Amino acid sequence: MGALVVRVAWAWLLLLQLAGASHVVYRDFETKAAATEKVPPSIVDPLLRTGYHFQPPKNWINVSSKKRISCIYNYIWCFVLIYFLSDETAAPMYYEGWYHFFYQYNPKGAVWDNIVWAHSVSRDLINWHALETAIEPSIPADKYGCWSGSATTMPDGTPVIMYTGVNRPGVKHQVQNVAYPKNASDPMLREWVKPDHNPVIVPERDINATEFRDPTTAWLAGDDGHWRLLVGSAAEGGARGVAYVYRSRDFKEWRRVKRPLHSAATGMWECPDFYPVSRDGHTMGLDTNRVCGKCRTKVKYVLKNSLDVRRYDYYTVGTYDQKDERYVPDDPAGDEHHLRYDYGNFYASKTFYDPAKQRRVLWGWANESDTRDHDVAKGWAGIQAIPRKVWLDFSGKQLLQWPIEEVEALRHQPVTLKDTVIKAGEHVEVTGLETEQADVEVTFELSSLDCAESLDPALAHDAERLCGARGADVEGGVGPFGLWVLASANREERTAVFFRVFKVAGSDKPVVLMCTDPTKSSLNPDMYRPTFAGFVDTHLSDGKISLRTLIDRSVVESFGDGGKTCILSRVYPSLAIDKNAHLYVFNNGEEDVKVSLLTAWQMKKPLMNGA
Ligand code: DQQ
């Protein structure tokens, strides 16, 4: 009976998706000729290409054969299906003084197709050099595609790549393959060889072979000498997301553990990620392979899945019982999508342990939010978010994320604003620097929450609806207050990144909403401009809340309250381009807000794959 209910629910959800999709497909994919004529000139302006966010010189970097951006709008699921993409995090890693980034790439165009593993290297995760393609279809086990995967460092220091190969035409039949460096003494790891024993993991009969992909970094647990890794999958006709555990002594023979590490009624899990984090508030990262038996009590685990039906990255914090090979989230309702790495455009991410700085680094892919035809006209699509250091908050309930410190080397021309009160309905421009490529850190101080509006209980768990319903321009009680970025001189174009504070009857803890509202980001009429939002878990006990926003021409990437809530948005201004981009602090709330300190820096352009 339970299974029947789940199936009916899924069929219903699917119908809703399709209904939403057909509407958006109609909007986004008119005939190519017609749409190309409509591509606004500003979209193809090279000045909208990002300056310091990772991207190759041209073409697509990605996710899968289709992209869906899902959102909740007026209670209705809407889905944008975009059938061609470029760059997703396949395998970030560190080797012999170099960071390596392998990513899903279409060498032939700005849409998802012909996917290979492109390869770039860096000394600092900021300046990048493009190398030759690392892995491309060349054996029967990957003849029809080299999809996502991960790198694992062996005890002797050499890396191994596991990746998904598509080995049959038509239906995407997926297997897992292994590749080794041809010459481990080359720190650039330019060439990779695929042993004859590929594929090393094939789906057993009870697994849906078209939903079986993206092996994780492998780890050793206990003294049994076995490597473990996860493969993302779906069960119950697609209704359940599953992370299967496979074990091996030699990376050649792999056996599935009978029960999955974890599964939930969410739909297909792509790109799973599983790693330990320190539970005592340490910001240092942990190497999955070095969690000693004694330290286990000081460690929590994070399981992330990239949810195919929504195209967002969700995670839970929990406990890993390695004897039982099971993971249990601390929050029994955690699988119901309480926590996201990023409440904006951020998908198919991966973390890696960086031994050079003893930190865990999270890297996610952000696709465009224009249309396929715009991408074709631009000749490029897809960027990487700024790599983020990630660790467990002292509360143990959620992760904190912060741009890696290396990005600060790009800062120059600092401008500050101190102890400036922004009165109700007012705004202040931050001048003295160019802000189309900038890093802004600001601390807001609230003298009182007396004016905070009461939160409608129906919206108490739905940040996106709360934000989307009225956006940044509503006159609130405490907030909306925050930044207008990539704003034109007269502010007819602007993207708002803001907070709004609510009170809840019977609780002394305020509800703090963080939101990005790009609905006025461009005068071009045909842009997809979803608002994005998440709640910030804070008591506001010192009356302060901070915001950091990385602005990069068509990216607005924000970190609320020290990295508790993050939102990345793609926007395509038509006026606020290059030197015409302005930055403001605004307050649309009734209560005054003080900027105790704002510092804004212009950002230099690093080496970016030769572009
Ligand atoms: N994109 C890859 C897949 C992965 C998906 C193919 C994530 O391996 O599941 O390019 O978007």
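Testing Asp578 on (1) surrounded by fewer than 21 Cβ atoms within 10 Å (Cβ to Cβ); (2) touching a Phe, Trp or Tyr at 6+ places or on another chain (Cβ under 8 Å), one condition comes back false. Which one is that?
(2)
Of the conditions (1) crowded, with 16+ Cβ neighbours inside 10 Å; (2) away from the ligand (no atom under 16 Å from the Cβ); (3) modelled with pLDDT under 95, Pro155 satisfies every one except a single condition; which number is it?
Every listed condition holds for Pro155 apart from (1).
Per-residue answers, yes or no, for (1) over 21 Å from Tyr99 (Cβ atoms); (2) within 16 Å of the ligand (Cβ to nearest atom):
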residue: Arg256; (1), (2): yes, no
residue: Glu270; (1), (2): yes, yes
residue: Ser278; (1), (2): yes, no
residue: Met284; (1), (2): no, no
residue: Leu307; (1), (2): yes, yes
residue: Val317; (1), (2): yes, no
residue: Asp331; (1), (2): yes, no
residue: His337; (1), (2): yes, no
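Here are some residues: Asp354, Asp342, Asp273, Asp308. Which one is within 24 Å of Gln55 (Cα to Cα) and touching a Ser or Thr at 6+ places or on another chain (Cβ under 6 Å)?
Just a single option satisfies the conditions, and that option is Asp273.
Mind listing whichever residues of region 465-508 are buried (at least 20 other Cβ atoms within 10 Å of the Cβ) and among the acidic types (Asp, Glu)?
Glu493
Among strands (runs of 3 or more DSSP E) lying entirely in region 355-464, which contain 2 or more residues that are farther than 30 Å from Tyr95 by Cα?
Qualifying strands (runs of 3 or more DSSP E): 411-422, 427-429, 437-446.
Which of (1) at pLDDT below 95; (2) in the same structural domain as Leu486 (by TED's automatic domain parsing) does Ala611 not meet, given it meets every other one?
(2)
I need a count of the residues in region 204-232 that are within 16 Å of the ligand (Cβ to nearest atom) and either over 12 Å from Met162 (Cβ atoms) or among the acidic types (Asp, Glu) (or both).
8
Considering Val376, Val390, Val317, which residue is assigned by TED's automatic domain parsing to the domain that holds Gly157, more than 25 Å from Leu125 (Cα to Cα) and in contact with a strand residue (DSSP E or B) (Cβ under 8 Å, 6 or more places away or on another chain)?
Val317
Inside region 507-539, can you point out the residues that are assigned to a loop (DSSP other than H, G, I, E, B), of a type outside the set (Gly, Ala, Ser) and in contact with a strand residue (DSSP E or B) (Cβ under 7 Å, 6 or more places away or on another chain)?
Hits for region 507-539 are Pro510, Pro518, Tyr528, Pro530, Thr531, Thr538.
The values are calculated or read from the model by the stated rules, or taken from the named source; none is laboratory data. Since this is a predicted model, take the numbers as computed values, not measurements. Virtual Cβ from ideal backbone geometry, glycine too; neighbours counted across all protein chains shown.
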